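Here is the structure we will look at.
Read-outs throughout are calculated quantities, based only on the coordinates presented, and are distinct from any laboratory measurement. If you're wondering where the values come from, they're calculated on a predicted model, not measured in any experiment. Every residue, glycine among them, receives a Cβ derived from its backbone with ideal geometry; neighbour counts consider all protein chains shown.
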Amino acid sequence: MAQRRRGAALEKALLDAAWDELAERGYARFTMDAVVRRAGTSPPVLYRRWSHRDELARAAVAHALEEARVDTPDTGSLRGDVLALMREIGTANARLVILMYAHLAGYYQETGANPGDLLDAARGKSTDALADVYDRAVARGEARAERLTGRIRSLPFDLLRQEILATLAPVPDDVVEEIVDTIFLPLVR
């Protein structure tokens with residue numbers, strides 16, 4: 001007999017089921033009924049939390065991003081910290097990035113949203129972690145604070161994302177190092 005789930009365990013099961021549906025079927029074929037079946041629950045359980053599929057899709061994406069969050073490295077150098085973050089994102093999380101952009105195209109068209117809108121829910125903590133990396137680099141004298149504008153701070157990760165989307169594959173280490181060593185670091189020193 002299946003054990004009844006409640007609270008956080010139930011919500012996690014629902015969001016996992018929703019994310020799995022999005023990842024396998026894309027937003028165009030994403031339905032509340034399919035999530036109900038996958039989660040092994042009833043429609044009222046799902047509809048009490050999310051009243052429509054775009055709301056559930058947004059919650060599932062935020063959940064998947066939170067689950068994939070990487071720890072903030074502290075290698076002792078800006079180069080080491082940025083490389084560590086990029087390697088983690090460019091390999092283990094490459095599938096997540098691809099799914100966010102490719103499989104959710106229907107979501108963007110239907111709702112008028114864009115990938116950045118979906119990422120906003122998860123940006124708070126990751127932005128704070130990245131700020132810590134950059135603040136430590138400034139304190140060590142590895143980077144000049146006035147050069148670390150918002151655009152420059154995001155640049156290595158924007159280039160990494162572009163590489164993932166251009167190849168639809170994990171990013172090779174030599175590409176990650178080239179982004180950091182030849183593009184990013186010269187801009188902040």
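Rounded if a/c is under 1.5, else prolate if a/b beats b/c, else oblate: with a ≥ b ≥ c from the C-alpha gyration tensor eigenvalues square-rooted, which is the stretch 5-70? Cα axes put the stretch 5-70 in the oblate bin. Here the simple spin-label model places points 7 Å from the Cα toward Cβ, and for Ser77 and Ser42 these points are separated by 6.1 nm.
Between Glu142 and Arg29, 0.36 nm times their residue separation minus their Cα-Cα distance comes to what?
35.8 nm
Charge tally for Ala68 (other residues, Cβ to Cβ under 10 Å; Lys, Arg +1; Asp, Glu -1): -1.
What residue among Leu83, Pro43, Thr72 has its Cα farthest toward the positive end of the dipole of the stretch 24-103, where the charges are +1 on Lys, Arg and -1 on Asp, Glu, each on the Cβ? Going by the charge dipole, the pick is Pro43. Listed peptides 53-61, 140-148 appear in the order 53-61, 140-148 once ranked by packing, highest mean of other Cβ atoms within 10 Å at the front. Assuming charge only on the beta carbon of Lys and Arg (+1) and of Asp and Glu (-1), the dipole of the stretch 40-189 about its Cα centre is about 340 debye to the nearest 20. Given the options Ala17, Ala129, Asn93, identify the residue whose Cα lies farthest towards the positive end of the charge dipole of the chain (+1 on Cβ of Lys, Arg; -1 on Cβ of Asp, Glu). Projecting each Cα onto the dipole axis, the largest value belongs to Ala17.
Placing unit charges on each Cβ (+1 for Lys and Arg, -1 for Asp and Glu) gives the chain a dipole about its Cα centre, and among Pro115, Leu148, Val61 the Cα reaching farthest toward its positive end belongs to Val61.
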